[in-house]
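Enquirer: The structure that follows is given in the form of C-alpha coordinates.
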Amino acid sequence: MAASIEIVLPVLNEEKGLEASVRKLHAFLSANLDSYDWRILIAENGSTDSTPQVAARLSETMSNVGVIDLGVRGRGRAIRKAWSESGADILAYMDVDLSTDLASLIDAVEAIELNGFDIAIGSRLQKGSRVIGRQFRREVTSRAYSMIFRVLYLTRFRDAQCGFKAISRQAAQALMPVVEDTGWFFDTELLIIAEKNGYRIKELPVTWTDDPDTRVRVIPTAARNLKGLLRLKLGGLAKASKALAPRRRPPGE
(Lines give C-alpha, C1' and ligand atoms only; values in the text may rest on other atoms or scores of the structure.)
Protein backbone atom coordinates (compact mmCIF):
# COMPACT_ATOMS: atom_id res chain seq x y z
CA MET A 1 0.00 0.00 0.00
CA ALA A 2 1.28 3.47 -0.90
CA ALA A 3 2.33 5.76 1.94
CA SER A 4 -0.08 8.60 2.61
CA ILE A 5 0.92 12.25 2.90
CA GLU A 6 -1.10 15.23 4.08
CA ILE A 7 0.17 18.76 3.47
CA VAL A 8 -1.37 21.47 5.63
CA LEU A 9 -1.61 25.09 4.47
CA PRO A 10 -2.45 27.36 7.45
CA VAL A 11 -4.24 30.44 6.09
CA LEU A 12 -5.32 33.79 7.46
CA ASN A 13 -6.79 36.43 5.13
CA GLU A 14 -5.28 34.88 2.00
CA GLU A 15 -8.16 35.42 -0.43
CA LYS A 16 -5.89 36.82 -3.14
CA GLY A 17 -3.20 34.15 -3.31
CA LEU A 18 -4.81 30.99 -1.90
CA GLU A 19 -6.21 29.55 -5.13
CA ALA A 20 -2.99 30.05 -7.12
CA SER A 21 -0.92 28.42 -4.36
CA VAL A 22 -3.25 25.43 -4.00
CA ARG A 23 -3.28 24.85 -7.76
CA LYS A 24 0.52 25.11 -7.94
CA LEU A 25 0.97 22.66 -5.07
CA HIS A 26 -1.68 20.33 -6.50
CA ALA A 27 0.07 20.25 -9.88
CA PHE A 28 3.44 19.56 -8.24
CA LEU A 29 2.09 16.69 -6.15
CA SER A 30 0.30 15.19 -9.16
CA ALA A 31 3.50 15.28 -11.21
CA ASN A 32 6.05 14.28 -8.59
CA LEU A 33 4.38 12.30 -5.82
CA ASP A 34 1.84 10.34 -7.82
CA SER A 35 2.98 7.09 -6.20
CA TYR A 36 1.79 8.37 -2.83
CA ASP A 37 -1.72 8.80 -1.48
CA TRP A 38 -1.56 12.55 -0.96
CA ARG A 39 -3.95 15.23 0.23
CA ILE A 40 -3.85 19.02 0.68
CA LEU A 41 -5.59 20.37 3.77
CA ILE A 42 -6.37 24.09 4.01
CA ALA A 43 -6.44 25.10 7.69
CA GLU A 44 -8.51 28.29 7.92
CA ASN A 45 -7.96 30.05 11.21
CA GLY A 46 -9.94 33.20 11.73
CA SER A 47 -9.91 35.03 8.40
CA THR A 48 -12.08 38.13 8.06
CA ASP A 49 -11.97 38.28 4.25
CA SER A 50 -13.32 35.75 1.73
CA THR A 51 -10.63 33.13 2.43
CA PRO A 52 -13.15 30.64 3.92
CA GLN A 53 -15.29 30.84 0.78
CA VAL A 54 -12.28 30.40 -1.51
CA ALA A 55 -11.10 27.42 0.55
CA ALA A 56 -14.55 25.82 0.49
CA ARG A 57 -14.81 26.22 -3.28
CA LEU A 58 -11.39 24.66 -3.83
CA SER A 59 -12.23 21.68 -1.63
CA GLU A 60 -15.48 21.16 -3.54
CA THR A 61 -14.04 21.43 -7.05
CA MET A 62 -10.55 19.90 -6.75
CA SER A 63 -9.62 16.33 -5.95
CA ASN A 64 -7.54 15.61 -2.85
CA VAL A 65 -8.18 19.05 -1.34
CA GLY A 66 -9.88 19.45 2.04
CA VAL A 67 -10.49 22.25 4.49
CA ILE A 68 -10.90 22.69 8.23
CA ASP A 69 -12.14 25.92 9.81
CA LEU A 70 -10.81 26.65 13.29
CA GLY A 71 -12.56 29.99 13.62
CA VAL A 72 -9.73 31.44 15.70
CA ARG A 73 -6.25 32.64 14.87
CA GLY A 74 -2.91 30.97 15.51
CA ARG A 75 -0.66 29.21 13.02
CA GLY A 76 0.55 26.77 15.65
CA ARG A 77 -3.02 26.04 16.68
CA ALA A 78 -3.95 25.25 13.08
CA ILE A 79 -0.99 22.92 12.52
CA ARG A 80 -1.47 21.13 15.83
CA LYS A 81 -5.17 20.46 15.17
CA ALA A 82 -4.53 19.24 11.63
CA TRP A 83 -1.62 17.02 12.60
CA SER A 84 -3.38 15.65 15.69
CA GLU A 85 -6.42 14.56 13.71
CA SER A 86 -4.70 13.28 10.56
CA GLY A 87 -4.39 9.61 9.76
CA ALA A 88 -1.68 10.11 7.13
CA ASP A 89 1.69 8.36 7.45
CA ILE A 90 3.63 11.57 6.80
CA LEU A 91 2.36 15.02 7.74
CA ALA A 92 3.73 18.28 6.44
CA TYR A 93 2.98 21.95 6.48
CA MET A 94 4.17 24.88 4.43
CA ASP A 95 3.44 28.58 4.31
CA VAL A 96 0.72 29.37 1.80
CA ASP A 97 3.02 31.68 -0.17
CA LEU A 98 5.09 28.58 -1.04
CA SER A 99 8.32 30.49 -0.38
CA THR A 100 10.25 27.23 -0.14
CA ASP A 101 10.95 25.50 -3.45
CA LEU A 102 8.53 22.58 -3.66
CA ALA A 103 11.28 20.24 -4.81
CA SER A 104 12.38 20.12 -1.17
CA LEU A 105 9.17 18.29 -0.31
CA ILE A 106 10.50 15.19 -2.04
CA ASP A 107 13.65 15.31 0.11
CA ALA A 108 11.60 15.78 3.27
CA VAL A 109 9.33 12.84 2.49
CA GLU A 110 12.28 10.57 1.70
CA ALA A 111 14.08 11.61 4.90
CA ILE A 112 11.14 10.32 6.91
CA GLU A 113 9.97 7.36 4.82
CA LEU A 114 13.31 5.97 3.67
CA ASN A 115 15.93 7.26 6.09
CA GLY A 116 14.17 6.91 9.41
CA PHE A 117 14.01 10.53 10.50
CA ASP A 118 11.09 11.63 12.66
CA ILE A 119 11.04 15.23 11.45
CA ALA A 120 12.40 16.97 8.36
CA ILE A 121 12.72 20.76 8.23
CA GLY A 122 13.66 23.28 5.60
CA SER A 123 16.61 25.47 6.51
CA ARG A 124 17.69 28.82 5.13
CA LEU A 125 20.84 28.69 7.24
CA GLN A 126 22.30 25.37 6.10
CA LYS A 127 25.22 25.19 3.71
CA GLY A 128 23.79 24.82 0.23
CA SER A 129 20.63 26.82 0.92
CA ARG A 130 19.70 29.74 -1.32
CA VAL A 131 17.77 32.76 -0.04
CA ILE A 132 16.32 35.18 -2.57
CA GLY A 133 15.11 38.71 -1.87
CA ARG A 134 15.19 38.66 1.92
CA GLN A 135 15.36 41.99 3.70
CA PHE A 136 18.59 42.63 5.60
CA ARG A 137 16.75 43.24 8.89
CA ARG A 138 14.89 39.96 8.66
CA GLU A 139 18.09 38.07 7.84
CA VAL A 140 19.90 39.55 10.83
CA THR A 141 16.97 38.83 13.14
CA SER A 142 16.75 35.23 11.94
CA ARG A 143 20.45 34.57 12.48
CA ALA A 144 20.43 36.24 15.89
CA TYR A 145 17.46 34.14 16.98
CA SER A 146 19.18 30.99 15.76
CA MET A 147 22.26 31.82 17.79
CA ILE A 148 20.18 32.48 20.92
CA PHE A 149 18.27 29.20 20.95
CA ARG A 150 21.36 27.18 20.00
CA VAL A 151 23.33 28.71 22.86
CA LEU A 152 20.48 28.13 25.31
CA TYR A 153 19.65 24.58 24.25
CA LEU A 154 22.72 23.36 22.32
CA THR A 155 20.53 22.23 19.44
CA ARG A 156 21.88 20.71 16.26
CA PHE A 157 19.30 22.38 14.02
CA ARG A 158 19.82 25.99 12.98
CA ASP A 159 16.63 27.30 11.38
CA ALA A 160 13.57 26.73 13.54
CA GLN A 161 11.19 29.15 11.86
CA CYS A 162 11.29 28.21 8.18
CA GLY A 163 7.67 27.51 7.19
CA PHE A 164 8.38 24.10 5.71
CA LYS A 165 8.32 20.98 7.87
CA ALA A 166 7.32 17.32 7.74
CA ILE A 167 6.83 14.81 10.53
CA SER A 168 5.95 11.14 10.88
CA ARG A 169 2.49 10.34 12.20
CA GLN A 170 3.98 8.53 15.21
CA ALA A 171 6.09 11.54 16.17
CA ALA A 172 3.18 13.93 15.68
CA GLN A 173 0.87 11.86 17.86
CA ALA A 174 3.43 11.90 20.67
CA LEU A 175 4.57 15.51 20.38
CA MET A 176 1.41 17.50 19.59
CA PRO A 177 -0.12 17.10 23.09
CA VAL A 178 2.96 18.56 24.79
CA VAL A 179 3.61 21.56 22.52
CA GLU A 180 1.80 24.49 24.14
CA ASP A 181 2.36 27.46 21.85
CA THR A 182 -0.41 28.28 19.37
CA GLY A 183 1.43 30.95 17.36
CA TRP A 184 4.78 31.44 15.66
CA PHE A 185 6.85 29.91 18.50
CA PHE A 186 5.15 26.56 17.85
CA ASP A 187 7.93 25.50 15.45
CA THR A 188 10.78 26.24 17.83
CA GLU A 189 9.05 24.59 20.77
CA LEU A 190 8.29 21.47 18.74
CA LEU A 191 11.88 21.09 17.56
CA ILE A 192 13.53 21.72 20.92
CA ILE A 193 11.25 19.26 22.71
CA ALA A 194 11.70 16.70 19.95
CA GLU A 195 15.49 16.87 19.81
CA LYS A 196 15.91 16.81 23.58
CA ASN A 197 13.80 13.65 23.72
CA GLY A 198 15.68 11.70 21.09
CA TYR A 199 13.58 12.35 17.99
CA ARG A 200 15.70 12.47 14.86
CA ILE A 201 15.55 15.73 12.91
CA LYS A 202 16.83 16.16 9.36
CA GLU A 203 17.64 19.76 8.41
CA LEU A 204 17.49 20.27 4.65
CA PRO A 205 19.01 23.20 2.74
CA VAL A 206 16.33 24.84 0.62
CA THR A 207 15.85 27.51 -1.99
CA TRP A 208 13.67 30.11 -0.33
CA THR A 209 12.18 33.22 -1.93
CA ASP A 210 11.01 36.03 0.32
CA ASP A 211 7.36 37.05 0.03
CA PRO A 212 7.17 40.86 -0.02
CA ASP A 213 3.56 40.64 1.21
CA THR A 214 4.45 38.75 4.39
CA ARG A 215 2.26 39.52 7.43
CA VAL A 216 4.88 38.59 10.00
CA ARG A 217 5.70 41.50 12.31
CA VAL A 218 9.36 41.07 13.17
CA ILE A 219 9.65 42.80 16.55
CA PRO A 220 6.47 41.45 18.24
CA THR A 221 7.18 37.97 16.88
CA ALA A 222 10.77 38.06 18.15
CA ALA A 223 9.58 39.17 21.59
CA ARG A 224 7.07 36.30 21.79
CA ASN A 225 9.73 33.84 20.68
CA LEU A 226 12.09 35.00 23.43
CA LYS A 227 9.31 34.63 25.99
CA GLY A 228 8.72 31.12 24.68
CA LEU A 229 12.38 30.20 25.04
CA LEU A 230 12.31 31.49 28.61
CA ARG A 231 9.18 29.47 29.38
CA LEU A 232 10.86 26.29 28.17
CA LYS A 233 13.97 27.09 30.19
CA LEU A 234 11.95 27.67 33.36
CA GLY A 235 10.26 24.30 33.44
CA GLY A 236 8.40 23.99 30.15
CA LEU A 237 10.91 21.63 28.57
CA ALA A 238 11.13 19.49 31.69
CA LYS A 239 7.34 19.28 31.83
CA ALA A 240 7.09 18.21 28.21
CA SER A 241 9.93 15.70 28.51
CA LYS A 242 8.29 14.10 31.53
CA ALA A 243 5.15 13.54 29.50
CA LEU A 244 7.02 11.87 26.65
CA ALA A 245 8.51 8.42 26.45
CA PRO A 246 12.13 9.33 25.61
CA ARG A 247 13.58 7.83 22.46
CA ARG A 248 17.32 7.30 22.25
CA ARG A 249 19.35 7.91 19.11
CA PRO A 250 21.55 5.05 17.91
CA PRO A 251 25.12 5.26 19.26
CA GLY A 252 27.24 7.75 17.38
CA GLU A 253 24.29 9.75 16.01
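The values are calculated or read from the model by the stated rules, or taken from the named source; none is laboratory data. Since the model is a prediction, treat every value here as computed from it, not as a measurement. As a convention, Cβ positions derive from the backbone with ideal geometry for all residues, glycine included, and neighbour counts pool all protein chains shown. The accessibility values were calculated without ligands, DNA or RNA, using every heavy atom of the protein model including side chains. Shrake-Rupley method; radii C 1.70, N 1.55, O 1.52, S 1.80 Å.
Enquirer: Within the set of pairs 6+ apart or on separate chains, which have a first residue in the range 55-77 that is without any contact (Cβ under 8 Å) to a residue 60 or more places away in the chain, a second that is open to solvent by 70 Å² or more (accessible area, probe 1.4 Å), and C-beta atoms under 6 Å apart?
Expert: These pairs meet every condition: ASN64/ARG39.
Enquirer: Where in the range 1-87 are there helices (runs of 4 or more DSSP H), lying wholly inside it, with at least 3 residues that are of a type in the set (Val, Ile, Thr)? I'd like the intermediate steps shown before the answer.
Expert: Working: elements: 18-32, 51-61, 75-85.
Result: 51-61.
Enquirer: Would a scan of the range 113-121 turn up a residue that is out of contact with any helix residue (DSSP H, G or I) (no Cβ under 8 Å at 6 or more places or on another chain), under 20 Å from ILE90 (Cα atoms), open to solvent by less than 20 Å² (accessible area, probe 1.4 Å) and not in a helix (DSSP H, G or I)?
Expert: No.
Enquirer: Could you list, in sequence order, all residues of the range 96-112 that are open to solvent by 40 Å² or more (accessible area, probe 1.4 Å), touching a helix residue (DSSP H, G or I) at 6+ places or on another chain (Cβ under 9 Å) and not β-branched (Val, Ile, Thr)?
Expert: Residues satisfying the conditions are ASP97, ALA103.
Enquirer: A further question on this structure: Tell me, which residue of the range 18-46 that is at pLDDT 95 or above and of a type in the set (Gly, Ala, Ser) is surrounded by the fewest Cβ atoms within 10 Å (Cβ to Cβ)?
Expert: Top of the filtered list is ALA31.
Enquirer: Follow-up. Taking ARG73, is it within 17 Å of LEU190 (Cβ to Cβ) and open to solvent by 50 Å² or more (accessible area, probe 1.4 Å)?
Expert: no
Enquirer: Which of the numbered conditions does GLY66 fail, given that it passes all the others? Conditions: (1) of a type outside the set (Lys, Arg); (2) surrounded by fewer than 22 Cβ atoms within 10 Å (Cβ to Cβ); (3) at pLDDT 95 or above; (4) touching an Asp or Glu at 6+ places or on another chain (Cβ under 7 Å).
Expert: The number of the failed condition is (4).
Enquirer: Determine the pairs where a residue that is in contact (Cβ under 8 Å) with a residue 40 or more places away in the chain and of a type outside the set (Val, Ile, Thr), located within the range 111-140, has a partner that is part of a strand (DSSP E or B) and open to solvent by 70 Å² or more (accessible area, probe 1.4 Å) with Cβ atoms under 6 Å apart, the partner being 6 or more residues away or on another chain.
Expert: Close Cβ pairs satisfying both conditions: ALA111/LYS202; PHE117/LYS202; ALA120/LYS202.
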